[in-house]
Structure formats: structure tokens, C-alpha cells
Amino acid sequence: MAFRRSTSSTWTESRGNGRGFIQVATALSESSSIHSDALYHLTRDVSMMGLDPLSYSILEAEPYKQEVCNEEAQTLLKRHSMQTDDKIPVVSSASSPQDSGEGLHFSDGRRKVDYVLVFHQRRHSSIRSPASTSVSHDRLSIVSNGNFPPSLGSEGRVGGGGGGGGGGESVSIGEVFMELDSGGGNEAAEPADHEMQLIRQEFEANLLEAGLEIERDREVKAHGLSFTRLHAPWPVLCREAEFLKIKVPTKTRYEIKEEGAFSSSMSSMWRKLKQPFQPKVLHQDHGPTKFLTHCFSRDKLHLYNITSKDTFFDNATRGRIVYEILRRTVCARTCQTIGITTLIAKGVYDAAFPLHDGDFNTTGHTEERNDRQVLHEEWARYSAFYKYQPIDLVRKYFGEKIGLYFAWLGVYTQLLVPASIVGIIVFGYGVATVDTNIPSLEMCDQRFNFTMCPLCDGACDFWQLSTACGTARASHLFDNPATVFFAIFMSLWAVLFLEHWKRRQISLSFSWDLTGIEEDEEHPRPKYETILLQKRQRKQKKKKKKKKNQPVKQEDGTVTGKDRWRRKLLSAMAAGIPAAIEKLTWKDRLPGYCINVSSILFMFGLTFSAVFGVIIYRITVSALMAMSPDPETKSNVRVTVTATAVIINLVVILILDEIYGAVAVWLTELEIPKTETNFEERLILKAFLLKFMNAYAPIFYVAFFKGRFAGRPGSYVYVFNDYRMEECAPGGCLIELCIQLSIIMLGKQLIQNNIFEIGIPKLKKLVRTLKDKGGVEKEEEEERLPQQWNLDYALAPFEGLTPEYMEMIIQFGFVSLFVASFPLAPLFALLNNVIEIRLDAKKFVTELRRPVAARAKDIGIWYNILSGMGKFSVIINAFVISFTSDFIPRLVYQYMYSHTGTMHGFIDHTLSYFNVSNFKPGTAPHNSHHGDVTVCRYKDYREPPWSPDAYQFSKQYWCVLAARLAFVILFQNLVMFLSLVVAWVIPDIPKTIVEQLKREKKLLVNLFLREEKDKFQLIQSLFAKDAPHEPLPIPGRYSTLPQCPTQAPTGDEGGGPRARCRAASFSLYTRKIPPSPRNENSRHTAV
């Protein structure tokens, strides 16, 4: 490779010019074997001349002659100009939306806009047309592989050839001008913009090679957005649909097997009852018949129900097909990357998205509504909260992945209805029996006159147990025998929910033709490619250093010519063997793993620190309020401290939730996952782990730790040697757990739904609108109606379903994990989800860009998380009932210690005695209003002070502890056994689906056998006409193809054309001549 100046007279002219340019002429035929490796050396050479390295040009080989290069460049320009003129129409952006189908079609009004690429024009283009630029500049003739289109005056002017005048001054090939100095007063060029321009050119040229059609605006702004519209013609759709194995309906329709008379009448009655709740969507009910579907194949077009080529593939499928092409299209010569995702990450494009189906507001008749308008009217309105979701239409518009999310959310919300009803009944039972509950009555009865020990040292006085009457009555609402039944019910409910969802998922997979689909091959993520490229570069540098350090061996004649030839042959053979595919190993990821582990441990420590901080707050505020001289303040200490502490907990949880979400993304990036699926799964696990600990840590503390380590009077546990550890309320910790759970659950849902999901997106949209305002071009743009791609670009980008799933999974934890302490949790979850479905629907329809329709057979890793939480909830509820509530102590007292077999005397049985003379100095009450108190009571099972083992745990304590542990084991095994029975009784795949799958397979086999029979009959009739005297052999039982006929004589005289044996194909016998296999649209994108 050599870098030489062209033999042009412009060199001397440009030397005297005040402004210095280097004009790079790119021209070489496509057959050149020069690739981007030479590009690196060019950028190094050019950088010595003061130019920024550019990775898009190849040096011209020295043996090439100037005349040959010019001739080749002329040929290349003519061919490429013809291609771009045909494939990249340049239209005026002032055309009205009505002319192009309301912004959904190309300028001809016929071809649909299947995808839009958006990039931002930040500065004046530094790629100038030769017709508009003086050629009296320094010229560097650089040979390229011909992959770039001819010069562009701007992004919009495509195929404008050069040309003009005579003299050797005119240049007819694409030229790139790079300014050497900033003299002359014009705006300095930016090499980064040059590179982006050429990357886009190569990418779009490769899209043309893949068969897509491209349209741009004629007007190109110095600043602002530019849109490139893509259209996939019918041959490309057919090719990619066959490649992606998209199932399409055939002409064959079959009747779904009807049920018996009784079941059929019941089904029809059920449908009539559900009719008022059904959305007004066409073809929502499939009816008694169903089209037989099959993977698309271009050889079987006659079998499919193709009424119109424009509507056979719906808009979501067309967008998915175009995205697959964009995903695997290569930019090998400019940036060595693959796919639109990488280009967006590099800043070549700002966005890429399919278009919505027009405006979501209904303007015409109801029958003329598009899918987006139907979804907005029947699904994305709060007034439609009582209707079923049009899941089939959601799937058709947004794809299977989003359809499965809303189907799962609908199933979860529906099954919350029976859970809410049972929870209301349990709560109602507590309300009905609160006046007859003996322990509450004894606690409220002042005749018992239990004098309790002080709640703090020095400042607090003795107090009467009857003052906690309200807390005891409220505790009974949630801590009653029905709570145990409700905990068992909810554990079985979680199993029923998962089993029901599995059946629903299989039904949807059958209905949406997802059975038997294969996982799509995923390309590596941009981050992975970048780090892998850096690894390769480091290896190459090491190899170069080793080669430089190794001494060059001179041949001294000891090696014979034969050995030298053999060595060269072996090296050539080794070069032909493909090298092992390079990938990142655990050694490359080890730093990321170390940072992950340490960061997650630090986050856990941060969560526990926040909980401990709230504990310190409760202890200190309680002590300060107890020292207050105001009796009203003293009486409201517990309520005030509990309420304010829970609110602080809620605020901390919401703040840490946002921090942990960002940290989880950062930690996942450090692991360098190869594909998006791996990235998403690792992100979900980390985010769930961090958010789970954040949301439930305060609840776990109240449920299992509060009051367990406080000590006893005379021997309390202190924090910082001054503050006593807090204890549970006289009615137990369950009422505090209920308050904590309800406030966190309700506050989290209300704040996240109203502020985070509604307020923040609107705020972001407002910021984007303010950024885009201003400028003359913006004012001119506002004078005409915006096109659909402008409206869609103004919407927020779709960022995945992880936040939506995460919110519901955390709510599922509130409903299932600690439901024994708060039976109304399913009711509040149901009310929230009714609003959440419509909120998410409105967000998807009106506020987000249309996502690419992604296929998915299931909800992925979320099902495993749900299943794990369902099993974990059994253990948690068992411990809540055993250790947090008083259910087990009541049973032990009633059946072991009660003389009458009733609950009379239970409160006295649970209180231990303490001699006030055993207080440590300075801890007894300074000013007591209860007179001379010798003995006070406290809640625990300990020996009295007159016992030889004073203040040690009593026998009752060990009996209660044994009963608690036994209940945990019994409860856990009982619920697990019942769960297994439920899972065994309910099959994962409905029986009707199994029968229909078998029937479909049988019908498909019959369909193809019939097709083969028709083909054979057609072949037989054709051969009978050619050779009437030679009867064809009758095919055997297993024969479906004709045998080879006897060959005709090869001479010139007599005989028909020589018959060849070939596979039967319907297209061979049609009267139409099949299209040439060299069709431009049939060429695949290089991968």
C-alpha cells in the first residue's frame, strides 16, 4: 500500500489557497480483496499530517494506474447512482400527511413505512458534493472497496453525481473533504461527524443489499433530526418469514371439537353472562373454527390464505422482520460492528423504532378504527376497568412478550378476587368476635389491676395494663384463629395461581401459534463486542512486541530448499484452518465478579444500616417523649413513634429502590454478559435481590427480632450504653407488623403509581419538548402537520418490562409472605392492580414508542421467582403464626394449664413478676404516682423472684417453644403436601389443547399428502402428453414422487426434449415464469 498524490494541476493551485483541504476520492471495484486491516495503517499515516484517524478508507495499491482507477470509479458511480435512484427516493418533507397515508406510507402512498431510523444532524455536513465545491484543493486518491455511495451534498441528496465541466478539473466520483486548518472563517469540520456519515452510508447500502427500500427527506437541516424510512417489499418479507419460521394461517379451516350437550349449554350460558364485560373488539372470539397454521415457506404460497400481500403480514410482524434484518446487518469496513443496537450505542443513530398505527384518538366511524384506536378505547381507559383485556389484540399489536405480561397480570388480578373475599371474611370474623374475646376483655378489665414495669429507665413510671385496651382489641382483628386458616389458604392459593397460569400460558401458546418455536439466535451486545475487540488488540500488541524482541535468523545454508518448501506449505495449511472463536473467559470477568460480590454485600449493609437507624430513632424519640412533662405527649408515645418510624422507612425504601435499580444495571454491565437475554436475567436477579431486601428488611425486623433481645427488668440490653432496646406492644408485635406492612405496601403502590409511573414520564416529556423548541427550523416545522415518525419520536422509548414485573413481584411478596398479619393485603392489591392494568395500557398505547414485537413462549425467569416466593411464603407464614402471634401460647394454655379448659386467666399466665428492689441504681422511676409498688409485671415466661431460680426461663417457656417449633414443622409439611396434591391434580396442559395439537398434526399431514397427490397427478398428465405410448408405472404404497422416465435419444432428429428427474414442485408447472434467483430482494445480508 502506498499513499500518493494524484497527478493533478490542482496541487499548485491549492498551495496558494488560504484554506487547505485534502480531497479523498474513494473508488475501487467491489471485487477488491483489500479489507479494513489496511485501514488502521492509513489512519496512522494520515494522523501524522494533522488529521484525525478515520476508519473508512483504504489506501490505493501502488501498481494501480491512474487511468484504470478513474475508469473503474466512473463505472462504480454509474451503477451505484442507478441503484440509489431506484431504491432511495428523496422526497420533499413538505408533503402533507394525507399524501402519504397520514405519515404511515412512503411518498407514493402505497408502500408502508415499516421502520424508522433517526439521527441528529449536529453540524454542517463535512461531506460535500463535488458539484458544489471547488476542486482546487490537495487531492489524496484513496482506493476503496466501492461500498460507499457517491458523494452527498447532505444526508438527503443521494445519487447526485458529479460532473460537470471539462478540463480535468471536474471530478465524477464521491469525494470527502477534510479541513486541515480553520482558516477562512468557515465552520470547522468534525471528523466524528465524517465517520458517522460514512458508517450510516455503509449500513444503509447493506440494507439495500438485503432488499429493503429506503426513503429520506429532500430537506436536510444544518441542525436537527433526520429520518430514514424503511420498507420491506413482499419478496423480503417472504424470505425473512421463512428464515424466522413465522407461522401463518393456511386456507384450511377446521372445527374445534365441540363439548357435550350439557357442557356446551353451560359454556354458552357463561359466555352470555360475560358478554357485558367483553371489550368491543372484532375477532376477539375465535368461534368454533380455527385456521390451520404452518411455518411460512415460499414453496407453499398456494396453501396460505393470502388475500392481499399488503395485509398478509400485519404491521407488528413486518416491524419484527425489518428489525431482524437491522439486527444482523454488518458494518465491516467502517466500524467493524454488527446490528442497529451497536450503532445506536455508538451514537451513529439516535433511535430506531416501528411506527404506531396512526393517532390513538378516534376521529372517524367506529368501524374505521385502527388497532391503536381500538386499544385506546376498549383497553387503555380507566372507565373500562370492569372489562376483560383484549389480549389477542394486545399480542397482535405489541407482540407475544408484552401480550404474555398483560395476560399474566390479568390472571393474577382475577385470582386476587377470591383471596380478597376470604381476607374480608377473616377480618370480619375478627370484628365480630372482638367483644367476646376473653384475653382482650381481661386486659381491658380494670379490676385485675396489673401494674406493669416502666418502659424506660428513670423518667418512665409504672403503668396499668388496662391502658393498652385499644391495642389489644385491634390486635384481635388480625390475630385470631381464622388467621391460621387464612395463612394455609393463601399458601395453597399461591400454588393454584402458578398452576392456573401454566395452563393459561399453554392455551395462549397454542392460540398464538407459539408451540414448537425455537429460540432466536442472539448477537453479542455492543459492550461485549467492544471489550472483546480490546482483548484482541491487546493480544496483537503483545504478538508484535514479541516479534520485535525476537532476533531475526539469517539463513546460512543449513536449511535445504526442500525443508523450506515444506515449512511454507505447513504454514499455509495452518493459515487455512479457522482459528478458535475468541470469547471472554472467567478471567476477563473476574474483576467484575469481585466488584459484584463486594457491592452487593455493601448494599445489604446499607439496607441493614437504614433499618438500624430507624431503630435508633424509635428508641431515642420514645425516651425523649417519655421525659416530657405533658401527659398527652406521654400517653401517645407508642402511636407517634410507630407512625413516624414507618413513614421514614417508606421514604428510605423508595429512595433506595431507585438507587438499587441503577446499581443493578451497573453491576450487570461489569459482568459483561454476551447476549441481551443473559443481561436481562442477571439484571433481574440482582435487582430482585436488592429490592427484596430493601422492601422487606423493616418487616422482617418487626416480625422476628423486635422485643426478642430486649432483656428483662433489671437486666436490659442497651444500645450505646444509654438507650434500652425497644419491646413489643402489650398486645404483641403482630399489630405493629400489620401497621408496618400496610403503610409500606399502600404507600409504595400509591407513590410509585402516581409519581414514578405518571409524574416522572410526563416530566421527561416536558424536558424533551423544551429541548427541541427554538430555532427557525422548528418554527417552520410547526407550521405544517407533523408526520407520524415525528410524533412517535417525541414519545418515550420502550425500556423493557423489568420495572413492571418487579413492581408486581414485590406486591406478590406483600400478599403472600406476611399475609397472616394483614388479611386485607389481597384486597388492596386487587384495587391497585385494577388501576395498574389501565395505567400500563395507557402508557403503552399513548406514551411509549411502539416496541418491536418480540416472540416469547413464557414469562421467563419471573416464573421461577414466583415459584420460589410461593415456597418461601409457607415458611414465613409458619414462623409468623408461631413466633409473632399469640396463637400457640393460647393453645398451650387452654389445653395444658387452664383449669376450666377456657381462656380465662391467660393474661395473668403470660405475665411474670419482678421485685422493684432489684432495679439497678438509677433505673427505677424517679417520681412514681402509683404509691408504694413492690412488685411489677412484665410479659415473659420466667420464674418469680421468690423462686430458687429467680428470673430464669420457666417450664412454660420451654413448652411453648416446643409447641411453636412443632407447629412450624407440621404447618410446613401439611401445606407442602397439599401443594403437591394440587399440582398433581391440575395438569399443566389442558386436555382440550392436547387433543387439538394431535388433530392439527393429523390435518397437516393430510394436507401435505393431498398436495403431493395433486402434484403427482399433474406430473402424470404432463408426461402422458409427452410420451403417450409409454405408460407410467403405478407408484407403490410409499411412493409420492414420479420415477425417472426413459431418456430420449440424444441425436438431433426426433424425440422430445430430454426429461430430467427432479423433485416435484408446484411452481415448476405453473404457466408463469418464476422470477430469476438473482433478484436483488433475495440477497441475504452478510452475517
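The values are calculated or read from the model by the stated rules, or taken from the named source; none is laboratory data. Just so it is clear, the model here is predicted, and its values are computed rather than measured. Because the Cβ atoms are built from the backbone with ideal geometry, glycine has one as well, and the counts that use them run over all protein chains shown. For accessibility, only protein heavy atoms count, side chains too; no ligands or nucleic acids. Shrake-Rupley method; radii C 1.70, N 1.55, O 1.52, S 1.80 Å.
Going through the stretch 454-477 one residue at a time, which ones are open to solvent by 20 Å² or more (accessible area, probe 1.4 Å) and part of a helix (DSSP H, G or I)? Scanning the stretch 454-477 gives 466, 467, 469, 470, 471, 473, 474, 477. Within the stretch 237-266, the set of residues being at pLDDT below 75 and open to solvent by less than 100 Å² (accessible area, probe 1.4 Å) comprises 256, 260, 261, 263, 264. Only one of the numbered conditions (1) farther than 27 Å from residue 742 by Cα; (2) at pLDDT 90 or above is not met by residue 628, and that is (2).
What residue, of 422, 330, 322, is farther than 23 Å from residue 111 by Cβ and modelled with pLDDT of 90 or more? Steps first, please.
Values: 330 fails: modelled with pLDDT of 90 or more; 322 fails: farther than 23 Å from residue 111 by Cβ.
Among 422, 330, 322, only 422 is farther than 23 Å from residue 111 by Cβ and modelled with pLDDT of 90 or more.
Right, residue 1020: touching a Lys or Arg at 6+ places or on another chain (Cβ under 8 Å) and in a helix (DSSP H, G or I) or not? In short, no. Just one of the listed residues (406, 385, 398, 353) is over 29 Å from residue 506 (Cα atoms) and aromatic (Phe, Trp, Tyr), namely 353.
Just one of (1) in a loop (DSSP other than H, G, I, E, B); (2) within 13 Å of residue 714 (Cα to Cα) fails for residue 917. It is (1). Here is a check on your reading of the model: is residue 906 touching a Cys at 6+ places or on another chain (Cβ under 8 Å) and of a type in the set (Phe, Trp, Tyr)? Spelling it out, it is not the case that residue 906 is touching a Cys at 6+ places or on another chain (Cβ under 8 Å) and of a type in the set (Phe, Trp, Tyr). Please go through the stretch 949-960 and pick out each residue that is modelled with pLDDT of 90 or more and open to solvent by 90 Å² or more (accessible area, probe 1.4 Å). Passing the criteria: 952, 955, 958.
Among the conditions (1) surrounded by fewer than 17 Cβ atoms within 10 Å (Cβ to Cβ); (2) modelled with pLDDT under 85; (3) among the β-branched types (Val, Ile, Thr), residue 517 misses just one, which is (1).
For residue 608, are the conditions met, namely being closer than 25 Å to residue 733 by Cβ and touching a residue at least 12 places away in the same chain (Cβ under 8 Å)?
Numbers: closer than 25 Å to residue 733 by Cβ: yes; touching a residue at least 12 places away in the same chain (Cβ under 8 Å): yes.
Here the answer is yes, as residue 608 does meet what is asked.
In the stretch 405-418, the qualifying residues are those that are touching a residue at least 40 places away in the same chain (Cβ under 8 Å) and out of contact with any Leu (no Cβ under 8 Å at 6 or more places or on another chain), and the one that is nearest to residue 844 (Cα to Cα) is 406. Screening the stretch 889-948 for residues that are touching a helix residue (DSSP H, G or I) at 6+ places or on another chain (Cβ under 8 Å) and among the β-branched types (Val, Ile, Thr) and picking the one that is nearest to residue 448 (Cα to Cα) gives 907.
One line per residue, one yes/no per condition, for (1) farther than 16 Å from residue 641 by Cα; (2) open to solvent by 50 Å² or more (accessible area, probe 1.4 Å); (3) out of contact with any Cys (no Cβ under 9 Å at 6 or more places or on another chain):
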residue: 720; (1), (2), (3): yes, yes, yes
residue: 725; (1), (2), (3): no, no, yes
residue: 737; (1), (2), (3): no, no, yes
residue: 747; (1), (2), (3): yes, no, yes
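One line per residue, one yes/no per condition, for (1) open to solvent by less than 40 Å² (accessible area, probe 1.4 Å); (2) free of Cβ contacts under 8 Å to residues at least 12 places away in the same chain; (3) in contact with a His (Cβ under 7 Å, 6 or more places away or on another chain); (4) of a type in the set (A, V, I, L, M, F, W, C):
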| site | (1), (2), (3), (4) |
| --- | --- |
| 445 | yes, no, no, no |
| 484 | yes, no, no, yes |
| 493 | yes, no, no, yes |
| 527 | no, no, no, no |
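Annotation note: of 898, 821, 885, 912, the sole residue that is of a type outside the set (D, E, K, R), over 28 Å from residue 690 (Cβ atoms), modelled with pLDDT under 90 and open to solvent by less than 10 Å² (accessible area, probe 1.4 Å) is 885. When we screen 591, 673 for residues that are in contact (Cβ under 8 Å) with a residue 12 or more places away in the chain, exposed (fewer than 13 other Cβ atoms within 10 Å of the Cβ) and within 30 Å of the chain's Cα centre (by Cα), the only hit is 591. Taking the stretch 624-634 as the range and being open to solvent by less than 80 Å² (accessible area, probe 1.4 Å) and assigned to a helix (DSSP H, G or I) as the test, the residues that pass are 625, 626, 633. Restricting 701, 716 to those that are in contact with a strand residue (DSSP E or B) (Cβ under 8 Å, 6 or more places away or on another chain), open to solvent by 10 Å² or more (accessible area, probe 1.4 Å) and either at pLDDT 85 or above or among the aromatic types (Phe, Trp, Tyr) (or both) reduces the list to 716. Candidates are the residues of the stretch 1017-1047 that are modelled with pLDDT of 80 or more and within 30 Å of residue 289 (Cβ to Cβ); the one that is least open to solvent (accessible area, probe 1.4 Å) is 1018. Would you confirm whether any residue within the stretch 645-659 is under 30 Å from residue 692 (Cα atoms), in a helix (DSSP H, G or I), open to solvent by 80 Å² or more (accessible area, probe 1.4 Å) and of a type outside the set (Asp, Glu)? Yes, there is a match, as at least one residue in the stretch 645-659 is under 30 Å from residue 692 (Cα atoms), in a helix (DSSP H, G or I), open to solvent by 80 Å² or more (accessible area, probe 1.4 Å) and of a type outside the set (Asp, Glu).
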